[in-house]
There are 2 protein chains.
Amino acid sequence: MPISVDLRIDARWIIPIVPAGAFADHSLLIAGERIAALVPTAVAGRDYRAAVHVALPAHALLPGLVNAHTHGAMTLLRGIADDVPLKPWLEQHIWPREARCLAADFVHDGTLLAAAEMLRGGVTCCNDMYFFPDAAARAYRASGMRAMLGLPVVDFPTPYAPDADGCLQAGLAARDAWKTEPRLSFSLAPHAPYTVGDASWSKIVMYARQLDLQIQTHLLEAPDERAQSLAQFGAGPLQRLHRLGATGAGFLAIHGVQLQPADIELLAAQGCHVVHCPTSNLKLANGIAPVAAIRARAINVALGTDGAAGNNRLDVFAEARLAALIAKAATGDAAVLPAAAALKMATLDGAAALGLERDIGSLEVGKQADTIAVNLGGTDHLPCYDPVSHLVHVTGRNQVTEVWVAGEQLVAEGRLTRLDDQDLAARARYWQDRLQ
Amino acid sequence: MPISVDLRIDARWIIPIVPAGAFADHSLLIAGERIAALVPTAVAGRDYRAAVHVALPAHALLPGLVNAHTHGAMTLLRGIADDVPLKPWLEQHIWPREARCLAADFVHDGTLLAAAEMLRGGVTCCNDMYFFPDAAARAYRASGMRAMLGLPVVDFPTPYAPDADGCLQAGLAARDAWKTEPRLSFSLAPHAPYTVGDASWSKIVMYARQLDLQIQTHLLEAPDERAQSLAQFGAGPLQRLHRLGATGAGFLAIHGVQLQPADIELLAAQGCHVVHCPTSNLKLANGIAPVAAIRARAINVALGTDGAAGNNRLDVFAEARLAALIAKAATGDAAVLPAAAALKMATLDGAAALGLERDIGSLEVGKQADTIAVNLGGTDHLPCYDPVSHLVHVTGRNQVTEVWVAGEQLVAEGRLTRLDDQDLAARARYWQDRLQ
């Protein structure tokens, strides 16, 4: 008797991440939200009966990509100020515009646009950090995408909250409102060591322990952060946060461009994660994070796009490729960060950074069915000696044709199933007119 | 009386490169092979009558991209050996496979595949350097693409020729056979200082002067080239070539990763060009060429993809973006290589490197009608504050929908007009089976 499942996907190759490698002519079987089996297509035809059957003869099927750091709503500022260093970029271009527009509707619309872009580009889960997380949660829920919302905290007043306490209050209220949504999760997101004082950090650490929430923060992104912290606090930024109790297995150090050996030892000892954002770090001239050295100490490294204001796209394929390329040049070793490692950073390592590795990040039986199909059959992809290499070095987000999250198809033949392009374009135009 | 032209293209933006900037709602008028006018669309409608009218309401129209360094036929080795440094990559992976397959039919088929990939990705002109240039010329002619064929010279025996004299003889015969083809041009391409001895270089210089041909060579790509040259010849590679008379306005230094200030002064004094190949240089762990310092001395810098064996794609959009990103990180200055400069490198500066700037590289009246349309209307491209920024930082080759070379449409709605995908796929499969 064949086993009944909801969905069967046949692919030219399946790349489950665990185990490593590409499995030619295999099928993924999905029951409800979860993966039921991964077997040769010949076996799938014999042993399974599926309500829906999708055949992808030129495609690679792999876990959905994880964007471990972004500011979704900032898609509305996409490319508004290129070629400017971090400090004036923030102070003269981004913050003044945010001050004019920052409100729940801006965040909702920008996040919806971000979710659309990410889903269509094969990103099924992101880690978002922005003001008005309640509005962002509403947008992600509408999109069907999986998201961790970082509840933002800064000491200075914003249209979101008057101070750090106000940020925490609003953020934790958003979490209370949405915490039963199965595709949403929450963490605490103090913006950076230099924008959040010791008192606020201590409160954040307390909430993190009480509510079992991760802490994520921008850390050592720009060259001057260490000197400033040493002068103000008598310790480097990471050492200061460690002293305040923030480090641990639930701590995500975002960027880490300026990490030094002592910082790396501390992150390793504490079991922290690093989110590498190569495009953003290069574009804002902050440099190249020492990813090979970080990984050599068995620290988990995920990939992030950062926001579209500075990237200017939310494209995890591009980040994986760029991460692989610059790691080789930075170390002078072409063997560093091979394609399989870069692809794992974009999937399972991203899931692990978000504490979601039991549910997503690989195509293993029992995990959530978050999977994407990438068409490797185009002439400009031929020949194909190794689909894993092609996924990192040849293809791009435009080749993603199908996307499922929790077994639900959110992109079909390149088109979003839940969101409407004309509606999204109208929202983008509205805010462009206001921001210009 | 309206003026009759063959083709009118209306676009949301035209980015002619000269003058700088993006011109909203403009039209390009084309008569025969050449650009007749660039005017506001309202004026085009009033003053011109076109046999063919193409309206592109969401697109940017710009000059076709120039890939100033590639090895077209090596598409057949796409991704066959990733994550290996230059020397073992060449000696253990690439050269043994080339030895097995290298012949005119291999070069023809690989070059045809390369031309298809480049055209569809908006590259209308390339500078190719590979064995059997006669077979490559045949492929480029069939594709309709513009190409400069570098006539390769190495001192050691290959299936192409027994020695440097044999290379020159075969190369110059290919040039004689094809030199009246309007879309083909030729240059002399000694592989590198370390593979071509003084006697051969002297002959090459003599032919270059007699026949008014450019000289292009791989220069200072890997870290050990300078020391080896100093030990063997008592001079750095560039200083040696200068002594042999090779430098001048027709000299293209490809890669130039290890260029030092004295080298840069020499290139500037001689009016040479540099071809920057960022992906290849990073992937093979050779490093980052000092592009900002080179450009600061007013040396023309073009962009190249290198071959698909090492890149692993022939995507000039990707090279322009990567060049902009790594130049910022390498200098620590986010203002270095702004988007407009990167786009000019990918177009007019590439044309200038090939000595073709009077005919191509910008959308100026009287130039050849080599132009491409890029759809910037997708949701993941919104909002769009600056189409020039989007062309470098947001879009990619997959958004190219139309391509014209010399007024002939070679890509229409994303499909090749001259070449057949099934035929190309069959050729790729044939060689993949033989090489695997």
Restricting attention to region B:212-226, which residues are farther than 16 Å from B:Pro152 by Cα, modelled with pLDDT of 95 or more and not basic (Lys, Arg)?
B:Asp212, B:Leu220, B:Glu221, B:Glu225
Could you check region B:262-358 for helices (runs of 4 or more DSSP H) lying wholly inside it with 2 or more residues that are closer than 28 Å to A:Asp380 by Cα and under 19 Å from the mean Cα position of the chain (by Cα)?
B:278-283, B:316-331, B:339-345, B:348-353
Given the structure, is B:Gly361 small (Gly, Ala, Ser), part of a loop (DSSP other than H, G, I, E, B) and within 12 Å of chain A (Cβ to nearest Cβ)?
no
Can you pull out every residue in region A:408-422 that is over 13 Å from B:Asp380 (Cα atoms) and surrounded by fewer than 20 Cβ atoms within 10 Å (Cβ to Cβ)?
A:Glu408, A:Gln409, A:Ala412, A:Glu413, A:Thr417, A:Arg418
State which residue is surrounded by the fewest Cβ atoms within 10 Å (Cβ to Cβ) when the search covers only region A:9-21 and only residues that are part of a strand (DSSP E or B) and in contact with a helix residue (DSSP H, G or I) (Cβ under 6 Å, 6 or more places away or on another chain).
A:Asp10
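Quickly run through region B:193-217 and pick out the residues that are of a type outside the set (Lys, Arg), farther than 22 Å from B:Ala235 by Cα and assigned to a helix (DSSP H, G or I). Lay out the reasoning, then the answer.
Restricting attention to region B:193-217, the residues satisfying the condition of being of a type outside the set (Lys, Arg) are B:193-202, B:204-208, B:210-217.
Within this subset, residues satisfying the condition of being farther than 22 Å from B:Ala235 by Cα are B:207-208, B:210-214.
Of everything in region B:193-217, those that are of a type outside the set (Lys, Arg), farther than 22 Å from B:Ala235 by Cα and assigned to a helix (DSSP H, G or I) turn out to be B:Tyr207, B:Ala208, B:Gln210, B:Leu211.
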If the Cβ limit is 8 Å and pairs must be 6+ apart or interchain, which residue in region B:267-290 that is in contact (Cβ under 8 Å) with a residue 60 or more places away in the chain pairs with which residue that is part of a loop (DSSP other than H, G, I, E, B) and among the aromatic types (Phe, Trp, Tyr)?
none
From the residues in region A:377-436 that are closer than 17 Å to A:Gly64 by Cα and part of a loop (DSSP other than H, G, I, E, B), which one is nearest to the other protein chains (Cβ to nearest Cβ)?
A:Gly396
Which condition does B:Arg240 not pass, out of (1) over 30 Å from A:Leu325 (Cα atoms); (2) in contact with a helix residue (DSSP H, G or I) (Cβ under 6 Å, 6 or more places away or on another chain); (3) buried (at least 21 other Cβ atoms within 10 Å of the Cβ), if it passes all the others?
(3)
Among the residues of region A:58-76, is there at least one that is over 26 Å from A:Leu419 (Cα atoms), touching a strand residue (DSSP E or B) at 6+ places or on another chain (Cβ under 9 Å) and surrounded by fewer than 24 Cβ atoms within 10 Å (Cβ to Cβ)?
yes
Could you list all residues from region B:171-192 that are buried (at least 19 other Cβ atoms within 10 Å of the Cβ) and either in a helix (DSSP H, G or I) or more than 21 Å from the chain's Cα centre (by Cα) (or both)?
B:Gly171, B:Ala174, B:Arg175, B:Trp178
Residue selected from region A:321-358 under the condition under 19 Å from B:Arg313 (Cα atoms) and among the basic types (Lys, Arg), by the criterion farthest from the other protein chains (Cβ to nearest Cβ):
A:Arg321
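Report yes if A:Phe251 is touching a Lys or Arg at 6+ places or on another chain (Cβ under 9 Å), closer than 22 Å to A:Pro152 by Cβ, modelled with pLDDT of 95 or more and among the aromatic types (Phe, Trp, Tyr), otherwise no. First the steps, then the outcome.
Working: touching a Lys or Arg at 6+ places or on another chain (Cβ under 9 Å): no; closer than 22 Å to A:Pro152 by Cβ: yes; modelled with pLDDT of 95 or more: yes; among the aromatic types (Phe, Trp, Tyr): yes.
Criteria not met by A:Phe251.
Anything in region B:280-299 that is of a type outside the set (A, V, I, L, M) and either surrounded by fewer than 24 Cβ atoms within 10 Å (Cβ to Cβ) or more than 12 Å from chain A (Cβ to nearest Cβ) (or both)? List them, or say none.
Residues of region B:280-299 of a type outside the set (A, V, I, L, M): B:280-281, B:283, B:286-287, B:290, B:295, B:297.
Those that are of a type outside the set (A, V, I, L, M) and either surrounded by fewer than 24 Cβ atoms within 10 Å (Cβ to Cβ) or more than 12 Å from chain A (Cβ to nearest Cβ) (or both): B:Gly287, B:Pro290, B:Arg295, B:Arg297.
The values are calculated or read from the model by the stated rules, or taken from the named source; none is laboratory data. A quick note: this is a predicted structure, and the numbers were derived from the prediction, not measured. Cβ sites come from the backbone with ideal geometry, for glycine too, and all protein chains shown count toward neighbours.
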